[in-house]
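**Q** Just passing along the structure, written as structure tokens.
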Amino acid sequence: MKGGEILIECLKAQGVSAVFGMPGTQNIQIYDALLQRGGGAIDHYLVRHEYAATQMADGFARATGEPGVAITVPGPGASNASTGILEAFTDCAPVLLITGQSDSSLYSKHPSKMFHGLDQMRFFESITKYCAIAHTVAEIPVVVENAFKAMRNGRPGPTMLEFPMDVVTGEGDVRIPPRVERIELPAPDDADLSTAVETIRNAKMPVIFAGSAVFHSNARNELRLLAEKLNAPVIVTRNGKGVLPEDHPLALQICYGYLGREALERCDCLIGIGPRFTSIDTRNWSLELPQPFIQIDEDANEIGLEYPCDVGVVGDLKLTLQALIEDVAPGQNEWDEVLTELRAKFDVQPSLPVIHEFQDVLPRDTIYAIDVHALGYASFAEFPIYDPRTFLYPNIGVALGHAYPAAIGAKVAHPDRPVICFSGDGGFLMGAVEMATAVKYGINVVAIVVNDGALSAIKGSQLKGCEGRTIDTDLLNPDFVEFARSFGAYAKRVENLGDFKETLRDALAAEKPALIEVMLQERQDDIINIISWLQTDPLRKTPFYSETEK
């Protein structure tokens, strides 16, 4: 087989069913191999900007737990795609970027003198779990297998592989590696586990702080059973949102929201199950953790890395939680009364526009790709999610424009489920060109665009931090409805918020890519006033809806 054919056969053996990308000079033979060998097994989706290729792969990966794959040319194609790799790296998503490259005989030349020149190994090394060049045909299955080992073991993360043109066109007789499976991890140390159990037994008001490692290790059910046995509320990291269904009476959603902060104030034993303690979750590590702090993780390097812990437990999370469930005593505490009181205060807040109406229309298994905007921020504390693979957000890298391409990737993965992109006007326009991709392939994502005519969060931050001065945060927008219709999508504008739910029903019924533009340009101040970190009061008191909009 030719090298390109070997590459495609390797991807098929790993269960790859979709790739997102754009053909070009140095990957043309990879695409020819995909055409000849991928039919019926791997579908390709042409993007209009390489930025979207890895974001679509990221959305596919987050929605499935399986690696998402992107293909670009080297140099500018790869650097355009690098934002998606960065997002996957910080949020622990398994994304593989494949690029071509000039003939290997030219590797001795300086990259700055090369066509599409870039030293991609140096460029991607710091934002991938694994990156490599296949220097020979025989190395193709080796680097592919290594990439999938990296993505499917430990905390997931992105990988990057480079294939020179002469290697892709060369021939060889190689073994195609079988599917890589997750390696079973050892059980926790008995002594560490016993110390954790004894510490929990001495607690009166324990709280569980859960991260995405819980669902990466398939331990969601064990988390729920442990929380119920201890009667301990569960707060989560951004990446862990939905790891406990958020209609569960012990689920408090995000760790830095009102309910999460109040629970931490009352906590006398914190049980960390796989959180990484990122800057956003901890407000630049200013969060003070209750003591004693028990840290449980599959990665020994995480124990005590960001915060000192009193007890560290390393081992397979599923096995660790099963052991804790068996050994801890049932919780007898005051959390039921405390949570009832806290929720009563939290739930009387006035409703937010649009986001509080989604679940009146959409089924429980809807996938939401939410962009970086004022109402998107509120989703962490106020929008219940029941499965972490239904909530796609650029949590740590916070790449504006992530939502629309990520939604396309998720819809490719789950064509029979509703997929909603919820963006502001600034973020949507960054990925909006991919409406061409959605229409071309009939990927029926519904995009909801809040048009308030500004980068509202930044404008609000300027107003607060710069003595009322602002600079270049007001936007010139297209007519989003006509923009979408020009591609052949369904599109409609909402002028009155009271019409939103019926418009959403119509968009879903259209059974084609759709856009709803929600006009809030006259409500910029109201939008800014719902951004939590710009407010002094922890709870919202001013209604957003007018009487005519209800």
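The values are calculated or read from the model by the stated rules, or taken from the named source; none is laboratory data. The shown structure was predicted, so the numbers you read here are calculated from the model rather than taken from an experiment. Cβ atoms come from the backbone with ideal geometry, glycine included; neighbour counts cover every protein chain shown. These accessible areas exclude ligands, DNA and RNA; they are computed on the full protein's heavy atoms, side chains included. Shrake-Rupley method; radii C 1.70, N 1.55, O 1.52, S 1.80 Å.
**Q** Does Val311 satisfy the criteria of being within 19 Å of Phe277 (Cβ to Cβ) and surrounded by 19 or more Cβ atoms within 10 Å (Cβ to Cβ)? Explain how you work it out, then say what you get.
**A** Details: within 19 Å of Phe277 (Cβ to Cβ): yes; surrounded by 19 or more Cβ atoms within 10 Å (Cβ to Cβ): yes.
Spelling it out, Val311 is indeed within 19 Å of Phe277 (Cβ to Cβ) and surrounded by 19 or more Cβ atoms within 10 Å (Cβ to Cβ).
**Q** What single numbered condition from (1) without any contact (Cβ under 8 Å) to a residue 60 or more places away in the chain; (2) open to solvent by 20 Å² or more (accessible area, probe 1.4 Å) fails to hold for Thr90?
**A** So the condition that Thr90 fails would be (1).
**Q** So which residues in region 498-550 are aliphatic (A, V, I, L, M), under 30 Å from Asp416 (Cβ atoms) and more than 26 Å from the chain's Cα centre (by Cα)?
**A** If we filter region 498-550 for residues that are aliphatic (A, V, I, L, M), which is where we start, we get 504, 507-510, 514-516, 518-520, 527-528, 530-531, 534, 539.
From what is left, the residues that are under 30 Å from Asp416 (Cβ atoms) are 504, 507-510, 514-516, 518.
Matches in region 498-550: Ala509, Ala510.
**Q** Now for a separate question. Within region 52-71, is there a residue that is farther than 24 Å from Arg417 by Cα, touching a residue at least 40 places away in the same chain (Cβ under 8 Å) and of a type in the set (Ser, Thr, Tyr)?
**A** First pass over region 52-71, keeping only residues farther than 24 Å from Arg417 by Cα: 71.
Keeping just the survivors that are touching a residue at least 40 places away in the same chain (Cβ under 8 Å) gives 71.
After this cut, where a residue has to be of a type in the set (Ser, Thr, Tyr) as well, the list is none.
The answer is no, given that none of the residues of region 52-71 is farther than 24 Å from Arg417 by Cα, touching a residue at least 40 places away in the same chain (Cβ under 8 Å) and of a type in the set (Ser, Thr, Tyr).
**Q** Sticking with this structure for a sec: Could we say that Leu264 is open to solvent by less than 30 Å² (accessible area, probe 1.4 Å) and under 22 Å from Ile303 (Cα atoms) here?
**A** Numbers: open to solvent by less than 30 Å² (accessible area, probe 1.4 Å): yes; under 22 Å from Ile303 (Cα atoms): yes.
Yes; evaluated as a whole, the condition is true for this residue.
**Q** With the checklist (1) farther than 30 Å from Gln349 by Cβ; (2) in a loop (DSSP other than H, G, I, E, B); (3) open to solvent by less than 10 Å² (accessible area, probe 1.4 Å); (4) not basic (Lys, Arg) in hand, flag the one item Thr320 doesn't pass.
**A** Of (1) farther than 30 Å from Gln349 by Cβ; (2) in a loop (DSSP other than H, G, I, E, B); (3) open to solvent by less than 10 Å² (accessible area, probe 1.4 Å); (4) not basic (Lys, Arg), only one is false for Thr320: (2).
**Q** Looking at region 172-192 only, could you name the residues that are closer than 14 Å to Leu319 by Cα and without any contact (Cβ under 8 Å) to a residue 12 or more places away in the chain?
**A** Once the filter is applied, which keeps residues that are closer than 14 Å to Leu319 by Cα and without any contact (Cβ under 8 Å) to a residue 12 or more places away in the chain, region 172-192 yields only Asp190.
**Q** Any idea how many residues of region 267-288 are surrounded by 19 or more Cβ atoms within 10 Å (Cβ to Cβ), touching a Phe, Trp or Tyr at 6+ places or on another chain (Cβ under 7 Å) and assigned to a loop (DSSP other than H, G, I, E, B)?
**A** Adding up the residues that qualify gives 3.
**Q** Report yes if Thr64 is under 25 Å from Asp299 (Cα atoms) and polar (S, T, N, Q), otherwise no.
**A** Details: under 25 Å from Asp299 (Cα atoms): yes; polar (S, T, N, Q): yes.
So Thr64 fits the description; yes.
**Q** Just one of Ala438, Ala381 is among the small types (Gly, Ala, Ser), open to solvent by 10 Å² or more (accessible area, probe 1.4 Å) and touching a strand residue (DSSP E or B) at 6+ places or on another chain (Cβ under 9 Å); which is it?
**A** Working: Ala438 fails: open to solvent by 10 Å² or more (accessible area, probe 1.4 Å).
Sole residue among the options that is among the small types (Gly, Ala, Ser), open to solvent by 10 Å² or more (accessible area, probe 1.4 Å) and touching a strand residue (DSSP E or B) at 6+ places or on another chain (Cβ under 9 Å): Ala381.
**Q** Across region 334-372, which residue is surrounded by the fewest Cβ atoms within 10 Å (Cβ to Cβ) among those that are at pLDDT 95 or above and among the polar types (S, T, N, Q)?
**A** Of everything passing the filter in region 334-372, Thr340 is surrounded by the fewest Cβ atoms within 10 Å (Cβ to Cβ).
**Q** Just to be sure, is Leu97 at pLDDT 95 or above and in a strand (DSSP E or B)?
**A** yes
**Q** Moving to a separate point now. Residue check: is Gly376 crowded, with 24+ Cβ neighbours inside 10 Å, of a type outside the set (D, E, K, R), under 28 Å from Gln349 (Cβ atoms) and free of Cβ contacts under 8 Å to residues at least 60 places away in the same chain? Don't jump to the end; show me each part of the working.
**A** Details: crowded, with 24+ Cβ neighbours inside 10 Å: no; of a type outside the set (D, E, K, R): yes; under 28 Å from Gln349 (Cβ atoms): yes; free of Cβ contacts under 8 Å to residues at least 60 places away in the same chain: yes.
In short, no.
**Q** Next question. Within region 96-122, can you find the residues that are over 24 Å from Leu11 (Cα atoms) and in contact with a Ser or Thr (Cβ under 8 Å, 6 or more places away or on another chain)?
**A** First, pick out the residues of region 96-122 that are over 24 Å from Leu11 (Cα atoms): 105-119, 122.
Result: Met114, Phe115, His116, Leu118.
**Q** Quick one: how many residues across region 442-465 are open to solvent by 20 Å² or more (accessible area, probe 1.4 Å), at pLDDT 95 or above and either within 18 Å of Met519 (Cα to Cα) or touching a helix residue (DSSP H, G or I) at 6+ places or on another chain (Cβ under 8 Å) (or both)?
**A** Of all residues in region 442-465, those open to solvent by 20 Å² or more (accessible area, probe 1.4 Å) come to 442, 444, 455, 458-459, 461-465.
Checking the rest, the ones that are also at pLDDT 95 or above come to 442, 444.
Imposing the further condition that a residue be either within 18 Å of Met519 (Cα to Cα) or touching a helix residue (DSSP H, G or I) at 6+ places or on another chain (Cβ under 8 Å) (or both) reduces the set to 444.
Result for region 442-465: 1.
Results for (1) β-branched (Val, Ile, Thr); (2) out of contact with any Leu (no Cβ under 8 Å at 6 or more places or on another chain), shown as yes or no for each residue.
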{"site": "Glu5", "(1), (2)": "no, yes"}
{"site": "Gln14", "(1), (2)": "no, yes"}
{"site": "Leu35", "(1), (2)": "no, yes"}
{"site": "His44", "(1), (2)": "no, no"}
{"site": "Arg48", "(1), (2)": "no, yes"}
{"site": "Gln55", "(1), (2)": "no, yes"}
{"site": "Ala61", "(1), (2)": "no, yes"}
{"site": "Thr64", "(1), (2)": "yes, yes"}
{"site": "Thr90", "(1), (2)": "yes, yes"}
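**Q** With the structure loaded, tell me whether Ile471 is hydrophobic (A, V, I, L, M, F, W, C), open to solvent by 70 Å² or more (accessible area, probe 1.4 Å) and more than 26 Å from the chain's Cα centre (by Cα) or whether it fails that test. Explain how you work it out, then say what you get.
**A** Values: hydrophobic (A, V, I, L, M, F, W, C): yes; open to solvent by 70 Å² or more (accessible area, probe 1.4 Å): yes; more than 26 Å from the chain's Cα centre (by Cα): yes.
Considered against the rule, which asks whether it is hydrophobic (A, V, I, L, M, F, W, C), open to solvent by 70 Å² or more (accessible area, probe 1.4 Å) and more than 26 Å from the chain's Cα centre (by Cα), Ile471 comes out as yes.
**Q** Output the residue which, of all residues in region 35-87 that are aliphatic (A, V, I, L, M), farther than 30 Å from Lys113 by Cα and in a helix (DSSP H, G or I), is most open to solvent (accessible area, probe 1.4 Å).
**A** Keep residues of region 35-87 that are aliphatic (A, V, I, L, M), which gives 35, 41-42, 46-47, 52-53, 56-57, 61, 63, 69-71, 73, 78, 81, 85-86.
Filter again for farther than 30 Å from Lys113 by Cα, leaving 35, 41-42, 56-57, 61, 63.
Subset that is in a helix (DSSP H, G or I): 35, 56-57, 61, 63.
On the way: Leu35: 133, Met56: 0, Ala57: 0, Ala61: 1, Ala63: 7 Å².
Taking the candidates together, the pick is Leu35.
**Q** Got a number for residues in region 509-527 being under 21 Å from Val445 (Cα atoms) and open to solvent by less than 60 Å² (accessible area, probe 1.4 Å)?
**A** Within region 509-527, the subset under 21 Å from Val445 (Cα atoms) is 509-519.
Still in the running and open to solvent by less than 60 Å² (accessible area, probe 1.4 Å): 510, 513-519.
Of the residues in that region, 8 qualify.
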